[in-house]
Amino acid sequence: MLWEVIMKIISFAAVKGGVGKTTLTFNFAEYLIGQGKKVLLVDSDHQGSLSHIYGALTETDTLYDVFTGQNIDLHKINDQLSILPSSPELDRLEATLATRNNQNLLFMMWLQDNVEEIQDFDYILIDCHPDFMTITKNMIAVSHYVISPLEPSEFGFMNLGIFNARMEELKQETIDIRTRESYIDAKTLYVPNMIKHNTKSSREFLDSVAQFDNVATDLSVPYREVFNKSTLENKSVFTLLEEQNNQSAHTLYKQLDDIFSHLTERISQ
Ligand SMILES: Nc1ncnc2c1ncn2[C@@H]1O[C@H](COP(=O)(O)OP(=O)(O)O)[C@@H](O)[C@H]1O
Ligand SMILES: [Mg+2]
């Protein structure tokens, strides 16, 4: 399909909340913008954290309208960034979507129908609600990669297993009847997040997941206060570290820049 060759679509998804989906979506978007890329953000979490960060909580032109078949305009933040905001009503759609034909492919059809509007973007980054329901499935269905943050705990390990199983089910349930091929192409990449390097539990966690080839232990995101500050103040970690302008901020800036740079390389494959 056309958009598949002109841009990369990445969903940030997990079965659990509080693992860093929104934080990573926001900061990765800001990283890409810093690299001169054009980014479209899609907020498919009805809690609207990402929309809030960009002051884009609105009642018009939201993802809800997309799913109910209305024409919408993307919210332009600046020349490099637009957002398709969430709506607090979004979760109420689940019941109605359940009765629709091709219920997992509605957003894919919207992208096809609106390729003119989206073809200028280099990346679409999608922030999902922590679930594996119809709206999340729609987001995964259009994605090249699903990035699933893993927190360093036994829950992180458990969530990896659950998420893998859900992805497999989704692939099997979303097939073209004639060819028997799945519409779901997305590769899953697990990114350990909030890793405390000097703790035994983080080390044990990384050791335990290193056996899986889709866990990017080399892209592990460290636990750093600047991420908390980032979501509180709606500023990227890069902006915050530039403002700090001291040696330890420079070092961390370089470290995070490297992680996002490697992530960009990884998802280009
Ligand atoms: N690497 C990190 N270091 C420190 N705090 C983090 C990190 N990643 C996320 N956080 C914090 O953890 C909390 C949950 O993150 P959030 O992105 O909202 O999770 P989700 O979107 O998965 O529910 C937020 O307060 C965020 O600032
Ligand atoms: Mg979130």
How many of the residues making up segment 7-60 are open to solvent by less than 50 Å² (accessible area, probe 1.4 Å), touching a Phe, Trp or Tyr at 6+ places or on another chain (Cβ under 7 Å) and either of a type in the set (A, V, I, L, M, F, W, C) or within 11 Å of ligand 1 (Cβ to nearest atom) (or both)?
14
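Looking only at residues that are of a type outside the set (S, T, N, Q) and assigned to a loop (DSSP other than H, G, I, E, B) in segment 130-145, which one is most open to solvent (accessible area, probe 1.4 Å)?
From segment 130-145, those of a type outside the set (S, T, N, Q) are 130-133, 135, 137, 139-142, 144-145; that's our starting set.
Next, only the ones that are assigned to a loop (DSSP other than H, G, I, E, B) stay: 130-133, 142, 144.
Working: Pro130: 33, Asp131: 25, Phe132: 23, Met133: 92, Val142: 7, His144: 36 Å².
This residue is Met133.
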All but one of (1) open to solvent by 10 Å² or more (accessible area, probe 1.4 Å); (2) modelled with pLDDT of 95 or more; (3) within 16 Å of ligand 2 (Cβ to nearest atom) hold for Asp91; state the number of the condition that does not hold.
(2)
Testing Asp127 on (1) assigned to a loop (DSSP other than H, G, I, E, B); (2) within 13 Å of ligand 1 (Cβ to nearest atom), one condition comes back false. Which one is that?
(1)
Within the bounds of segment 248-260, is there any residue that is farther than 19 Å from Lys16 by Cα, open to solvent by 40 Å² or more (accessible area, probe 1.4 Å), modelled with pLDDT under 95 and over 21 Å from the mean Cα position of the chain (by Cα)?
no
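Quick test for you: out of Ser82, Ser86, pick the one residue that is away from ligand 2 (no atom under 16 Å from the Cβ), under 17 Å from the mean Cα position of the chain (by Cα) and either closer than 15 Å to Val42 by Cα or buried (at least 17 other Cβ atoms within 10 Å of the Cβ) (or both). Write out each step before concluding.
Values: Ser86 fails: away from ligand 2 (no atom under 16 Å from the Cβ).
Of Ser82, Ser86, the one residue that is away from ligand 2 (no atom under 16 Å from the Cβ), under 17 Å from the mean Cα position of the chain (by Cα) and either closer than 15 Å to Val42 by Cα or buried (at least 17 other Cβ atoms within 10 Å of the Cβ) (or both) is Ser82.
Any residue at all in segment 226-242 that's aliphatic (A, V, I, L, M), within 30 Å of Gly36 (Cβ to Cβ) and open to solvent by 90 Å² or more (accessible area, probe 1.4 Å)? Walk me through it before giving the result.
Taking segment 226-242 and keeping what is aliphatic (A, V, I, L, M), we get 226, 232, 237, 240-241.
Add one more test, that the residue is within 30 Å of Gly36 (Cβ to Cβ), and what stays is 226, 232, 237, 240-241.
Now drop any that are not open to solvent by 90 Å² or more (accessible area, probe 1.4 Å), which leaves 232.
Checked against the condition, which is being aliphatic (A, V, I, L, M), within 30 Å of Gly36 (Cβ to Cβ) and open to solvent by 90 Å² or more (accessible area, probe 1.4 Å), segment 226-242 yields at least one hit.
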If we take segment 1-96, then strands (runs of 3 or more DSSP E) inside it with 3 or more residues that are free of Cβ contacts under 8 Å to residues at least 24 places away in the same chain are 75-78
Within segment 187-247, considering only helices (runs of 4 or more DSSP H) that don't extend past its boundaries, which have at least 2 residues that are away from ligand 1 (no atom under 15 Å from the Cβ) and at pLDDT 95 or above?
237-244
For residues in segment 146-186 being modelled with pLDDT of 95 or more and among the small types (Gly, Ala, Ser), which is surrounded by the most Cβ atoms within 10 Å (Cβ to Cβ)?
Ser148
Restricting attention to segment 66-79, report how many residues are surrounded by fewer than 17 Cβ atoms within 10 Å (Cβ to Cβ) and either within 18 Å of His129 (Cβ to Cβ) or within 16 Å of ligand 1 (Cβ to nearest atom) (or both).
1
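The values are calculated or read from the model by the stated rules, or taken from the named source; none is laboratory data. No experiment lies behind these values; they were computed from the predicted model shown. We place every Cβ from the backbone using ideal geometry, glycine too, and count neighbours over all the protein chains shown. Note: areas computed on protein heavy atoms with side chains; ligands, DNA, RNA excluded. Shrake-Rupley method; radii C 1.70, N 1.55, O 1.52, S 1.80 Å.
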